[in-house]
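Rule-based calculations on the coordinates, nothing more; no lab input. Values in this document were obtained by computation on a predicted structure and should not be read as measured data. Cβ: placed from backbone, ideal geometry, glycine included. Neighbour counts: every protein chain shown.
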Amino acid sequence: MRRVASAFALVMLVAAIAMHAQARPSSATLPLFLYAAVGPELSTYAVHAAEGSLRKTSSATLPFAVQYVWPHPSTKFLYVAWSNGMQGDRHGINAYRVDPVTGALSPHGAPIEIRHRPVHLTLDANATHVLVAYNNPSSLSVHTLNADGTLGAEVKQPAPLDQGIYGHQIRVHPSNTMVVLVTRGNGPTATRPEDPGALKVYGYKNGILTNRQSIAPNGGFGFQSRHLDFHPTLPLMYLNLERQNQLQVYRVKGDAIDPHAVFTRNTLDHPETSKPAQMTGAIHIHPNGRVVYLSNRASGTQVVDGKTVWEGGENTIGVYAIDQKTGEPTRLQNIDSGGMHARTFTLDSDAGLLVAANQNAVTKADGTRVSASLAVFRIGSTGALTFLRKYDVETGRGDTLMWAGLLRVRN
């Protein structure tokens, strides 16, 4: 009898575990949405993962053009930076609540005004602060996040910070003890010499930053750093150089970064024919740590027979396999991005999808008009991409497809 009771208890325990597992769906079953920004409009698209299709369902309107967006790790909130331009006088951040069923956005607390154009923002590892990067003047700010996800006050920094020239991205290391401000510098022009770029590395604790390192090979000249991503398991950081069209790999050593790149790769198929406006864009590592993606973009124009037309170049998504021992990147492919100037792109590993946001509408020399677009790709077993379809996006006068991001929403 005791054996029967024990067996019955075991069966009930197994059943309870199975029911619990069913009650907590895997991330692959959670609703998936794409958010894309054109001017002040941030639109929600429902994503059909199996088909790789998008359907626009709703929009939220910001005071001025969206600059960048970052999700709360709970997926309940989005933080949206906006601005009326580098020479403008209105800049801010709005918090939005994400509807777990429809993905629609609704205001969450009061927005905050900030002092310059916010080119990038992120959250720290424990989601207690928002960190913002400004490009002109190059600088940053840190703002508290309240327990309910609303935006709070700015954290005053106790000492001056080394903030470089033309900040372009700010990232918090997963350890939550180190922050990197990527400063791009500026390329030379006919009337102005080159401004050097650098990686400004800070110690970080409870919203407070302290100067730690400035990484600027060759004094920062020829080092137009744009975006970085941290490897999920290896002590490595992957960085793209905008004007040099390069991918670099750096070692992370505790709360510091080795200033010498261990690997450098050219990102173009035909660097010898590169145009002046050819550059890299965003960079993202697949969550499995085996592949790194980056965008090559070229939408520069020239005047031919009195008409402004595309000057040519490479608009691709670069796919690189990562050696799991050394971190060395080996290119698997450069695939056409499906449009002009993929300023950003986004991926979801469970759906096996990558979406490139081709920012600009451009006319080719043959008169063909290429619209801004969202191009959808399937991610294969090796990380290589297969083009599925694209959706032209109306940008209107002066607006561009500035940002896009996939979000899988939990209840």
- Once label points are set 7 Å from the Cα along Cα→Cβ at both D392 and H260, what is their separation, rounded to one decimal in nm? 5.3 nm
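Ranked highest first by average number of other Cβ atoms within 10 Å, how do 121-133, 189-201 line up? All intermediate terms of the calculation are to be shown ahead of the outcome.
Working: 121-133: 20.4, 189-201: 16.5.
Listed from highest to lowest mean packing, they are 121-133, 189-201.
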- Any number yet on Rg/Rh for region 271-400, C-alpha, Kirkwood? 1.01
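Let me know the charge dipole size of the chain about its Cα centre in debye, to the nearest 20, where only the beta-carbon of Lys, Arg (+1) and Asp, Glu (-1) is charged.
Working: 37 positive and 29 negative charges, 178 e Å.
So the dipole magnitude of the chain works out to roughly 860 debye.
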- Please give the direction-averaged projected area of the C-alpha convex hull for the chain, in square nanometres with one decimal. 24.0 nm²
- Query: Helix 2-23: angle to the longest alpha-carbon principal axis of the chain, degrees 0 to 90, nearest 10?
  - Reply: 30 degrees
- In deg cm²/dmol and to the nearest 500, what is the mean residue ellipticity at 222 nm of the chain if only DSSP H runs of at least 4 residues count, each as -39500 (n - 2.57), divided by the residue total? -2000 deg cm²/dmol
- Message: Show me, bin by bin at 10 Å from 0, the whole-percent P(r) of region 238-348 based on Cα pairs.
- Response: 14, 43, 29, 11, 3, 1
- Task: Rounded to the nearest 0.05, what FRET efficiency do T177 and D366 give with R0 = 41 Å and r taken as the Cβ-Cβ distance? Could you check?
- Result: 0.15
- What order do you get for 306-317, 379-390 when each peptide is scored by the mean count of other beta carbon atoms within 10 Å, highest first? 306-317, 379-390
- Which whole-angstrom value gives the distance between the alpha carbon centres of region 175-199 and region 358-411? 27 Å
- Message: Please compute the modelled spin-label separation between E272 and N211, points set 7 Å along Cα→Cβ, answer in nm with one decimal.
- Response: 4.5 nm
- Violating pairs (Cα-Cα greater than 24 angstrom) within the set K205/K253; K205/K325; K307/K390: K205/K325; K307/K390
- Message: Tell me whether region 132-202 comes out rounded, prolate or oblate; compute the Cα gyration tensor, take square roots of the eigenvalues as a ≥ b ≥ c, and use a/c under 1.5 as the rounded threshold.
- Response: prolate
- Item | Estimated inter-spin distance, Q87 and E328, nm [label 7 Å along Cα→Cβ] | 4.9 nm
